[in-house]
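Undergrad: The structure under discussion is supplied below as structure tokens; questions concerning it will follow.
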Amino acid sequence: MAFLKNISSDQSTDKELLVAFKDTGDINLLSTLYQRYMDLVFGVCLKYFKDTERCKDAVMDIFDELNSKLRVHEVDYFKGWLHVVVRNYCLMQLRSPKNIKTTEFSPVFMHSEQPTHLFNEALEKEANFKKLEACMEALPEEQKESVRLFYMESKCYNEIAALTGYDWNKVRSYIQNGKRNLKLCIEEKQLKLDG
């Protein structure tokens, strides 16, 4: 897809480009770095929006956001940080008022025998999602990154080891411990709500 073609041949590391961008403010350095991950950004957007044109717009909007965010945030692992920025952007777009479906009020709805459990299920799913997000952020960095790559990006242990530089056995351990810690954290949050 021509939209995602990487035209950069810069051999600098992500960290080098980040440091140079922060030092100089040169948008071309940010562009070079961003082009490396445009396919990732597009893919994450497509997962949420399921509309290629909307995804193309989002890729450009996210680039604009990075220009300001990177000036104030200290980023060690750009790819992981970018994934979180993209996910949050997509979620915020989906939650914005223009995406909320409304219907005209009708007294018939007040007397409807339709169960309200669908609305309650949606609220419960949103609450569970927020608990999961909070618990993910509480995980140690190695576990968080390994769990995210395994479950959200469907990477195998070998791919995660290659991407992160972690030993294969450590990746397996991080995923197992991260999954267990997420479960415990979510259960603890639920107990606080119930109690």
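Undergrad: Less than 12 Å Cβ to Cβ from Val19, Lys/Arg counted +1 and Asp/Glu -1: what total charge do the surrounding residues give? Each step should come with its number before you reach the end.
TA: Numbers: positive: Lys15, Lys22; negative: Asp14, Glu16, Asp23, Asp26, Glu74, Asp76.
Result for the neighbourhood of Val19: -4.
Undergrad: Excluding Asn158 itself, what net charge comes from residues whose Cβ is under 14 Å from its Cβ, given Lys and Arg +1 and Asp and Glu -1?
TA: That works out to 0.
Undergrad: Got a sec? How would Lys144, Lys125 order by Cβ neighbour count within 10 Å, fewest to most? Don't jump to the answer; show the numbers that get you there.
TA: Values: Lys144 20, Lys125 10.
Final ranking by Cβ density, sparse to dense: Lys125, Lys144.
Undergrad: Would you mind counting up the charge near Ala58? Only other residues with Cβ under 11 Å from its Cβ, with Lys and Arg at +1 and Asp and Glu at -1.
TA: Details: positive: Arg54, Lys56; negative: Asp51, Glu53, Asp57, Asp61, Asp64, Glu65.
With Lys, Arg at +1 and Asp, Glu at -1, the net is -4.
Undergrad: Okay, next question. Given Lys131/Lys179; Lys56/Lys130; Lys15/Lys131; Lys130/Lys179, which pairs have Cα atoms separated by over 24 Å? Can you show the working numbers first?
TA: Values: Lys131/Lys179 14 Å; Lys56/Lys130 27 Å; Lys15/Lys131 32 Å; Lys130/Lys179 16 Å.
As for pairs spanning more than 24 Å Cα to Cα, those are Lys56/Lys130; Lys15/Lys131.
Computed from the coordinates by the stated procedures, all read-outs in this text should not be read as laboratory data. Note that the coordinates shown come from a computational prediction; the quantities given were computed from them, not determined experimentally. Because the Cβ atoms are built from the backbone with ideal geometry, glycine has one as well, and the counts that use them run over all protein chains shown.
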